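Structure record follows, encoded as C-alpha cells.
The values are calculated or read from the model by the stated rules, or taken from the named source; none is laboratory data. Because the structure is predicted, anything quoted here is derived from the model rather than measured. Note that we place each Cβ from the backbone using ideal geometry, even for glycine, and neighbour counts take in every protein chain shown. The protein model used for the area step is the full one, side chains on, heavy atoms only, and it has no ligands, DNA or RNA in it. Shrake-Rupley method; radii C 1.70, N 1.55, O 1.52, S 1.80 Å.
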Amino acid sequence: MSKKDNWSSSMGVILAVAGSAVGLGNFLKFPGQVALYGGAAFMIAYVMSFLLVGLPFAMMEWTVGRKIGDKYHSVPWTYYSFFRKPSAKIVAAVAVVIPFVICSYYTYIEAWCLGYAVNFATGALDFSSTKEAADFFGNFVGVNENGSALEFSLSKVWIYFLTVFGINFLLIYLGISKGIEKFCKIAMPLLILLALILVARVATITHEHTGRADSSINQGMGFMWNPAKVVLEENQNGKWVEVKRLVGDADIQQAETEIAKSSPQKEMRVREISLFKQLLNPSIWIAAVGQLFFSMSVGMGIIISYTSYLKRTDDVVLSSITSASANEFCEVCLGGMITVPAAVAFLGISGVAGACASLFDLGFNVLPLVFLKMPIGEFFGFIFFMLLFLAAITSSISILQPSLAFLQEVLGVARNFALFILAVLMFLMSFYSFYFSKGLVALDSLDFWVGQTLIFIIATWEIIMFSWTYGAEKLVKDANAYSLIKLPKNYSIIWRYFTPAILILVFLGWFLKDVLGVFGGKLSYQIENLVSGKEPVAQASFAIIAALIILFGAMIFKSKEFKEDGK
C-alpha cells in the first residue's frame, strides 16, 4: 500500500481500531462467558484483566505501530526492525499465520450472521424450541455432513459466504481512507444505534411478553451482577453437584420449599458461594484474559498494522484508551445487556445455562428463539443479526490488513497484485472451513490452535520483547510523544512485570488444566482428535497451520528486506 494512503482523521483511525475490536466476541462470546461463569465474578476478573493486560497491550501496539509506520506496515518487519534477531523471523512467520487463519473462519461465521438477518427479514424462521433452532442452524451451516451447505438457497450459508467474501475484499481494495475508514465511520455509529434499539426493547420486556412468572429482566441483571452466587445442589454419590443457579429471594424460597418436600433419599442444599471463592477459580481468569484477546484484537498484528498509517504527530495514548473504551462499552453495556437479560427473561436461568454449551449456542440457538417469542420479534431478530454482521465485518476487514501488508512487503509487489494473491489464498482457506462443516471440526480446530494457543504464545513473546529487549521505559517515552495524556514514568512497571506475568500464568494454567488435563482438569478433546486419528479433519487443520508457518517463514527468510546488518 502506498505510504500516502493514511488515515484522514484521528476519529477515523479510532473508529477503525474500535471496529476491529467490536465484533462477534462482544455480542456472542462475552455474553456466553457471563452465562457460563455466572456473572459478577467473571465481570470483576474481566475488568481487572482489561486494566492490567488488555489496555496496556493496546497502548503498546498503538505506540509501536506509529513508530514503525515511516518504513513498514506489517508485523514481521516491525519485529525485525526493532530486534534484528534471527528468532524474530521465526516468530514473525507464526505472527502472520494468526490473522490469516482467523480471518478465514471468521468470514465463514460472518456469513451466518448475514444469513440469519436475511431469514429473519423474509420471515423464513419459525421454531418454538431450542431443538428446532439447533436443527435449523445445523442445516444452515452444514453441521451434519461436509459440503451439505453448498447450494444456492436462502436457507443455506453458501450464497452469504460468497457475498461476505466479496464485500470484505471490495472494502480492502478501496484502501485505508476510502475503504476501511469511510466504512467504519458509517458502520460503527449504525452498529451502536441498532444495539441501543435492542437494549431499549429488552428493558421493556414484561411477564406479559414472556409468559413466565418465574423469570424476568431483573433476574437476568442479577445473574450478571450479583457478587455472591447462590446455587441449589444435590448430593450424588457423595459429591455435591450444582442443579441450578438461584437469583433473587423468590428463587431461594422456592428452592428451600423444594428441599423441604424432597424425599429423605434425595439430599439437597442451598449454598452461597462468596465472590472471593469464585475468583479463586483459575478458569474464570483464563476465560477473562482469553475474552480480551478475542474481543480487543490485540496480539494479532491488527493494531500495529492499522496504527502504522498514523502520522508521526498523531496521539496514541488518548486514542488507544478511546478505542479500547469503545470496545468495552459495546461489550459490557450493549452486548451483555441485550443477550443475557433477554434470554433469562424468556427461558429462565436454568434454560440459559443448559442451552449454552458452546460459543454459538446463545447467539444462534437461544436468541433466535427469544426473538421469535417477542412481539414483532422478526424485526428485532433482523436488527440483532444485522448488528452482528456489521460488527463482524468491521473486524474481518481489519484482520485482512496485516496479511495484505505482509504480502506486499515480502514479495515487493504492487498493492493490487498482493491483494489478488491474498484473495486467492483466503478463498481457499475459507472454503476449507466452509466445506468441512461436519460437526464444525475444521473451524473448531483452527480456532483452538491459532485463535487460542498461538495467539497467547505470540502475544506473550511480544510483550516480553518490547518491554525487556526494547525497553518499557522507551515505550513510555515513545507513547508520550505528541500525546495529550501522558503516561506516568512508572507505567513501565505494568508493561515489564504485570502484563507478562499474568499472560504466562494464565496460559500455563489453561494449557495444563484445560488442554493437558492435569491439576484436576480433563484432557482436551482437541488433543485427542489430533493423536487418535478419529478426526482426519482435525489432523488436516493442524497440518495446514504448520504448512502455512513454513510457507510464510520461507518467504520471510528469502526476502531481501530482511538483512542481518539492518538498513
Q: Specify whether the C-alpha gyration tensor of the range 471-560 places it in the rounded, prolate or oblate class, a ≥ b ≥ c being the square roots of the eigenvalues: rounded for a/c under 1.5, otherwise prolate if a/b is larger than b/c and oblate if not.
A: oblate
**Q.** For the range 30-126: relative contact order, % (alpha-carbon pairs under 8 angstrom, 6 or more apart)
**A.** 13
Q: Would you please give the FRET efficiency between ASN218 and THR313, computed as 1/(1 + (r/R0)^6) with r the Cβ-Cβ distance and R0 = 60 Å, to the nearest 0.05?
A: 0.75
Q: Mark the label point 7 Å from the Cα of ALA546 along Cα→Cβ and return the residues of the range 69-94 whose backbone N is within less than 17 Å of it.
A: 94
Q.
So for each of 115-121, 413-419 I average, over its residues, the number of other beta carbons within 10 Å; can you give me the resulting order with the highest mean first?
A. 115-121, 413-419
(Q) Testing the spin-label approximation: label points 7 Å from Cα along Cα→Cβ at GLN236 and LEU425. State their distance in nm. (A) 4.8
Q. Name the residues of the range 299-323 whose amide N is less than 14 Å from a point 7 angstrom out from the Cα of LEU51 along the C-beta direction?
A. none
Q: Take the alpha-carbon centre of the range 312-343, take the same for the range 420-441, and report the distance between them in whole Å.
A: 30
Q: Provide the FRET efficiency to the nearest 0.05 for the TYR525-LEU174 pair, computing r from the beta carbons and using R0 = 35 Å.
A: 0.25
Q: Just subtract the alpha-carbon distance of ILE186 and LEU154 from 0.36 nm times their residue separation and send over the number in nm, one decimal.
A: 8.8 nm
(Q) Once neighbouring chains are kept in place and the probe is 1.4 Å, which whole percent of the accessible area of the chain is contributed by carbon and sulfur? (A) 64
Q) How are the C-alpha pair distances of the chain spread across 20 Å bins, as whole percents from the shortest bin up? A) 21, 55, 22, 2, 0
Q. Which residues in the range 147-184 place their backbone N less than 18 Å from a point set 7 Å from the Cα of ASN416 along the Cα-to-Cβ direction?
A. 169-180
Q: Whole Å is fine, so just give me how far the alpha carbon centre of the range 380-417 lies from that of the range 39-103.
A: 17
Q) Say each of PHE498 and MET268 gets a label point 7 Å from the Cα, pointing the same way as Cα to Cβ; how far apart are those two points in nm? A) 4.5
(Q) Show me the ranking of peptides 231-239, 160-168 by mean Cβ neighbours inside 10 Å, starting with the highest. (A) 160-168, 231-239
Q. So if we plug the beta-carbon distance of LYS489 and VAL518 into 1/(1 + (r/R0)^6) with R0 = 41 Å, what FRET efficiency do we get, rounded to 0.05?
A. 0.50
Q) If eta is 0.692 mPa s and T is 37 °C, what Stokes-Einstein diffusion coefficient results for the range 392-438, Kirkwood Rh from Cα pairs, in µm²/s? A) 284
Q | Surface accessible to a 1.4 Å probe, per residue, for the residues of the chain, Å² | A | 39
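Quick check: convex hull over the Cα atoms of the range 152-261, volume per residue in Å³, rounded to an integer?
Per residue, the Cα convex hull of the range 152-261 comes to 249 Å³.
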Q.
Report the gain in length on full extension from LYS560 to ASP70: 0.36 nm times residue separation, minus Cα-Cα distance, nm rounded to one decimal.
A. 174.6 nm
Q: Based on the mean of other Cβ atoms within 10 Å per residue, sort peptides 251-264, 503-516 so the most packed one is first.
A: 503-516, 251-264
Q | the range 481-552 versus the range 128-175: alpha-carbon centroid distance in Å | A | 29
